[in-house]
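This report refers to the structure that appears directly beneath it.
The values are calculated or read from the model by the stated rules, or taken from the named source; none is laboratory data. Model, not experiment: these values are computed from the prediction. Please note: Cβ atoms are built from the backbone with ideal geometry, for glycine as well, and neighbour counts cover all protein chains shown. Heads up: the accessible areas ignore ligands, DNA and RNA and are worked out on the full protein's heavy atoms, side chains in. Shrake-Rupley method; radii C 1.70, N 1.55, O 1.52, S 1.80 Å.
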Amino acid sequence: VECAGVEVFALLNSSWYPWIHLLQVSSMRLNDLAYAPEVAAAMLKIQQARALVQARELIVEGAVRIAQDAVTKLEQENVIDLDPVTKTTIVTNILTVTCGESNAVPTVALK
């Protein structure tokens, strides 16, 4: 016997209760799943936080690769003398620009 649209909750709380032992549920499908607004909001915050962390990790990985490639290329081509202080400055500047929230502002050092 197929009973389309009969909800188990309604079945258990109806006057059919004495005859439930005669029924066999072969499948069940949820048509709608709703959460309380507070729960949905909390779940959305968690999802957004996870996405933000993953995006940040990707940005940092890319920035580190860019900084490594820049230092390696500058060393290979002997463009400038790369002492540890210069390397640190280059890496810091690249990471600050690529990982920062605001747009980069180019500056020229006055000597």
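Quick look at the numbers
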| item | result |
| --- | --- |
| Pair list, Cβ < 6 Å and 6+ apart or interchain, from region 78-98 residues that are within 20 Å of ILE59 (Cα to Cα) to residues that are at pLDDT below 90 and assigned to a loop (DSSP other than H, G, I, E, B) | VAL97/ALA104 |
| Candidate set from region 81-108 (those that are open to solvent by 80 Å² or more (accessible area, probe 1.4 Å) and assigned to a loop (DSSP other than H, G, I, E, B)); member that is modelled with the lowest pLDDT | VAL108 |
